[in-house]
Structure formats: structure tokens, C-alpha cells
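The values are calculated or read from the model by the stated rules, or taken from the named source; none is laboratory data. This structure is a prediction, so every number in the text was calculated from the model and none was measured. Methodologically, a virtual Cβ is constructed for each residue, glycine included, from the backbone with ideal geometry; neighbour enumeration extends over all protein chains shown.
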Amino acid sequence: MITNDDVILISKGFGFDLVGFAKVELLDKEYENYLLWIDRGYQAGMKYMEKNKGKRKNVKEIFSKGKSVISLGLNYYKPDLFSGNKSNGKISRYAWGKDYHLIIWDKSDQIIKKLKEADNSFEGISYVDTGPLMDKAWGVRAGLGWQGKHSNIINKEFGSWFLLRT
Ligand code: B12
């Protein structure tokens, strides 16, 4: 049987800095706030944020066998500064390297493969932005940190300079 320690060890082996676990439950308060957010039109042109409401509330609608949500954080902070040349635009640090989706997809596919090798009965699916999953809400429930006023998760060690994989 896979233990939390196995998941932590394997995930950290693939470079994730934060690993947390939450029980699969309905998102209640978070879901109500998401509905308020939509009602107020904060999604602006992001039409995809209005879709699949049921799945956002109930992860079992995405993966019915799921018992736990694993939340992973990957630190992307780099101390380098912007050039200071006013003719250059500024690009957010998370976008300085290769597309993070590709990097994280690859790592998490490999993590799932390793967990399956350790215990053939292990089943899991993972998302990075691509599905109707409330990554921040799950990250908070999994103990990765708290939601700051800027709405991202802040962790005592890494601040909010990390990307989430759920
Ligand atoms: C849509 C989206 C955006 C949108 C909207 C941002 C937003 N506030 O949601 C835009 C394009 C602006 C954006 C920008 C950025 N994003 Co973005 N984005 C997402 C995405 C795809 C969905 C987020 C979501 O569900 N929003 C819905 C709202 C409802 O969620 P929320 O803001 O957390 O709302 C909660 C509370 O704020 C509160 N609340 C909200 N509204 C209201 C209203 C009322 C009345 C009340 C009482 C409460 C309340 O309750 C809500 C539920 O808990 C996630 C990936 C994912 N699938 O989760 C990445 C994600 C959140 N983004 C991320 C990042 C890194 C960024 C940027 C920093 C990138 C950059 N450098 O530009 C910026 C940060 C901007 C900011 N301050 O939010 C990371 C955050 C990692 C972390 N440490 O938390 C994520 C998780 C992607 C990832 N895989 O790592 N993003």
C-alpha cells in the first residue's frame, strides 16, 4: 500500500518542493465564493471559468474513485533581476523558462507511473490548470499555505513563488 511518505519521497525526487494531502470532500465555502466571483463577472473574458461548475465543487465528478487530493508545489523563484533597460518589457519569472505546463505534466506523469510501479492498485489523475479544479482551494486544504490578498497561496518558506499541481 502506498503511504503519504512514499508520495512525499517520490514527488520530492522529481523536484517538487511542497507536498500536501487533503481528504476528498465537497468544496463548500470555496465553491460559494467561486459562484460569487462568477456572478460579479471577475472571470472577464475567461469563459472556461464558468464551465463545469459541478466538477469544481465535487472532485468525484472528475475521478469517482478518488480518496485523497495530493497537492504539489514547485518553486520557480529566481533571484536574477530585470535588465533595467526601459526599452525591454518585463516578463513574469514563472515564464522565464520552458512552458511550466510541459515541465509539470512530465514530472507528474512520471510520479503516477512510479506510484503505480510501487503498488499496482494505485490510480490517479492529475491536473495543472487544464481542468476545472480549484487548485488554490485544494492547496490550502492540503496545508501548503494560506491564501493571500492577491489570492495566491503563500507558504512560509517559499512565499507565493510556486506553481501548483493537483
Ligand atoms: C484563472 C486563473 C488566473 C486568472 C484569474 C486569477 C484568479 N484570481 O483566480 C489570471 C489570468 C488573472 C491569473 C493570473 C495569475 N496566475 Co493564475 N490561475 C488561474 C487558474 C487557471 C484558476 C484560478 C481560479 O480557480 N480562480 C477562481 C477564483 C474564484 O479563485 P480565487 O481567486 O482563489 O477565489 C477564492 C478566494 O479569493 C475567495 N474569493 C474570490 N472571490 C470572492 C468574492 C467574495 C465576495 C468572497 C467573500 C470571497 C471571494 O474565495 C475563492 C474560493 O476559495 C489557476 C489554476 C487552477 N486550475 O486553479 C491559476 C493559478 C491560480 N495561477 C497562478 C499564478 C502563478 C498566477 C500569476 C502569479 C501568474 C503571473 N505571474 O502573472 C498571476 C497572479 C494574479 C493574481 N493575483 O491572481 C498559480 C498560483 C500558485 C499559487 N502559489 O497560489 C495557479 C494555481 C496556477 C498553477 N498551476 O500553479 N490566473
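The table below gives the values:
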| quantity | calculated |
| --- | --- |
| Residue count for the range 69-104, restricted to those that are in contact with a strand residue (DSSP E or B) (Cβ under 9 Å, 6 or more places away or on another chain) and of a type in the set (Phe, Trp, Tyr) | 4 |
| Single residue of the range 36-48 satisfying the filter (of a type in the set (A, V, I, L, M) and within 7 Å of the ligand (Cβ to nearest atom)) that is farthest from Pro132 (Cα to Cα) | Leu36 |
| So Leu164, is it in a loop (DSSP other than H, G, I, E, B) and buried (at least 17 other Cβ atoms within 10 Å of the Cβ) | no |
| Residue within the range 4-20 that is within 8 Å of the ligand (Cβ to nearest atom) and without any contact (Cβ under 8 Å) to a residue 40 or more places away in the chain present | no |
| Candidate set from the range 112-132 (those that are of a type in the set (A, V, I, L, M) and in a helix (DSSP H, G or I)); member that is surrounded by the most Cβ atoms within 10 Å (Cβ to Cβ) | Leu115 |
| Hits in the range 35-52 (condition: on the phi < 0 side of the Ramachandran plot and either acidic (Asp, Glu) or not in a helix (DSSP H, G or I) (or both)) | Asp39, Arg40, Tyr42, Gln43, Gly45, Met46, Glu50, Lys51 |
| Flag for Asp135 being surrounded by fewer than 16 Cβ atoms within 10 Å (Cβ to Cβ) and touching a residue at least 24 places away in the same chain (Cβ under 8 Å) | no |
| Among the candidates Leu72, Leu27, residue that is part of a loop (DSSP other than H, G, I, E, B) and out of contact with any Asp or Glu (no Cβ under 7 Å at 6 or more places or on another chain) | Leu27 |
| Verdict on Ala95 being aliphatic (A, V, I, L, M), near the ligand (Cβ under 10 Å from one of its atoms) and surrounded by fewer than 19 Cβ atoms within 10 Å (Cβ to Cβ) | yes |
| Those residues of the range 113-166 which are near the ligand (Cβ under 7 Å from one of its atoms) and of a type in the set (S, T, N, Q), in sequence order | Gln147, Ser151, Asn152, Ser160 |
| Only one of Asn33, Asn88 that is away from the ligand (no atom under 15 Å from the Cβ), farther than 30 Å from Lys113 by Cβ, over 18 Å from the mean Cα position of the chain (by Cα) and free of Cβ contacts under 8 Å to residues at least 12 places away in the same chain | Asn88 |
| Top-ranked residue in the range 96-111 [being free of Cβ contacts under 8 Å to residues at least 60 places away in the same chain, among the hydrophobic types (A, V, I, L, M, F, W, C) and in a helix (DSSP H, G or I); ranked as farthest from Asp5 (Cα to Cα)] | Leu102 |
| Failed criterion for Gln110 (all others in (1) more than 15 Å from Val59 (Cβ to Cβ); (2) near the ligand (Cβ under 7 Å from one of its atoms); (3) at pLDDT below 95 hold) | (2) |
| Output for the range 58-85, where each listed residue is within 15 Å of the ligand (Cβ to nearest atom) and at pLDDT below 90 | Lys78, Phe82 |
